[in-house]
Amino acid sequence: MSATVQKEAEAHVNEASSQANSITATPTSWKRRLLARKKIIIFTMVGVVALGLGLGLGIGLSQAACTGAKPTSTSTPSPSPSSKASIIQPSVGTTWDYPLGFSLTTSNANSSTIFYPVDLENTSANTITALKNAGHTVICYFSAGSVEDYREDAGDFPSEAIGNTLDGWPDEKWLDIRNVKVREVMATRIASAASKGCVGVDPDNIDGYTNKPGFDLTEDDTVDYVRYMAETAHNAGLAYGLKNGGAIVDRVVDVAQWAINEECAEYNECADWAPFIEAGKPVFHVEYTDDDDATTVSPSKLSKACAADGQSGFSSVVKHYSLDNWIVYC
């Protein structure tokens with residue numbers, strides 16, 4: 001408070017006190033006026049003091065801002081969801097097998113093979129737990145772009161979302177991946193994978209737009225679908241892997257933890273998958289023999305399967321088309 005303001009306030013108080021002492025019988029109305037006057041003076045003094053404090057605080061804060069000092073924050077950053085924090089990221093070069101043509105158990109699993117996709121519907125939670133306890137990384141496979149007549153949830157797909165039959169697979173038809181109900185079924189499958197104990201998912205047949213699905217699907221539709229499933233998987237605490245779909249690698253490598261590719265060496269497409277290796281994410285690559293009864297692989301076939309252009313860093317194997325328990329590692 002300034003000296004001038006303080007003196008004026010004191011003068012008002014002294015004047016009021018003198019008048020009050022000189023009157024012995026003051027009418028009630030005058031007492032009220034005198035009391036009101038005293039209150040006004042007191043409030044004035046309080047206001048002046050508050051103004052002085054406010055100005056001093058404002059100057060102090062301004063000086064702090066100018067010198068780079070900042071008030072201490074009491075807010076706490078929101079933690080990331082624990083489910084997302086636990087999502088696995090396999091390393092480049094991780095060994096793998098693709099045992100979809102037989103029932104994988106701890107008794108027939110290769111102890112040196114780490115990464116195993118297993119069929120979601122046909123593999124029990126107990127088997128998945130046993131495989132994980134044996135040191136394997138177990139993920140759940142399902143078809144995301146087609147309906148298989150023999151699956152338990154085949155009747156959950158609306159008829160308007162079911163398209164043409166897949167070439168070579170008479171019990172399987174393409175799906176309209178834009179359909180809301182189709183996406184709901186996939187979300188349920190992802191939830192089932194999590195409840196069974198799988199640590200990731202392997203959704204197949206996402207590239208219907210490169211075939212003849214019976215719907216006017218586009219590359220953009222596929223990218224949107226992949227991102228939807230990746231987000232759904234991540235929210236469930238599961239990793240997501242891109243299956244085939246080489247044309248969209250650059251657009252979805254950021255949301256996938258690995259890629260699974262079939263026969264990029266055969267079709268000279270391995271370079272399409274290099275962005276995964278560059279991002280520190282594995283490419284699980286399989287080439288197939290021409291004969292499902294083959295017990296060996298010719299040197300030329302093995303050379304092509306294991307050393308194609310753009311294949312550096314891949315986890316490559318050779319298998320029968322039936323994906324039975326036969327494998328040659330590169």
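The values are calculated or read from the model by the stated rules, or taken from the named source; none is laboratory data. Small disclaimer: the values here were computed from a predicted structure and weren't measured. Neighbour counts run over all protein chains shown; Cβ positions are idealised from the backbone, glycine included.
Selection within the range 285-296: residues that are under 21 Å from Ser112 (Cβ atoms) and in contact with a Phe, Trp or Tyr (Cβ under 9 Å, 6 or more places away or on another chain). The member of this set that is modelled with the lowest pLDDT is Thr295. In the range 197-218 there is no residue matching the filter, namely being surrounded by fewer than 20 Cβ atoms within 10 Å (Cβ to Cβ), in a helix (DSSP H, G or I), in contact (Cβ under 8 Å) with a residue 12 or more places away in the chain and not hydroxyl-bearing (Ser, Thr, Tyr). For the structure I just gave you, tell me whether Phe142 is farther than 30 Å from Ser91 by Cα and either crowded, with 22+ Cβ neighbours inside 10 Å or of a type outside the set (Ser, Thr, Tyr) (or both). So Phe142 fails the test.
Here is the figure for the range 297-323: residues that are under 21 Å from Thr113 (Cα atoms) and touching a residue at least 24 places away in the same chain (Cβ under 8 Å) total 17. Just a yes or no: is a residue in the range 191-198 farther than 22 Å from Leu104 by Cα and touching a Ser or Thr at 6+ places or on another chain (Cβ under 8 Å)? No, the conditions are met nowhere in the range 191-198. Within the range 151-162, is even one residue closer than 24 Å to Trp96 by Cβ, hydrophobic (A, V, I, L, M, F, W, C) and in the same structural domain as Phe115 (by TED's automatic domain parsing)? No, the range 151-162 contains no residue that is closer than 24 Å to Trp96 by Cβ, hydrophobic (A, V, I, L, M, F, W, C) and in the same structural domain as Phe115 (by TED's automatic domain parsing).
No other residue among Ile128, Ile139 is part of a helix (DSSP H, G or I), under 20 Å from Pro203 (Cβ atoms) and in contact (Cβ under 8 Å) with a residue 24 or more places away in the chain apart from Ile128.
Taking the range 250-261 as the range and being without any contact (Cβ under 8 Å) to a residue 60 or more places away in the chain and closer than 17 Å to Val201 by Cα as the test, the residues that pass are Val252, Val253, Asp254, Val255, Ala256, Ala259, Asn261.
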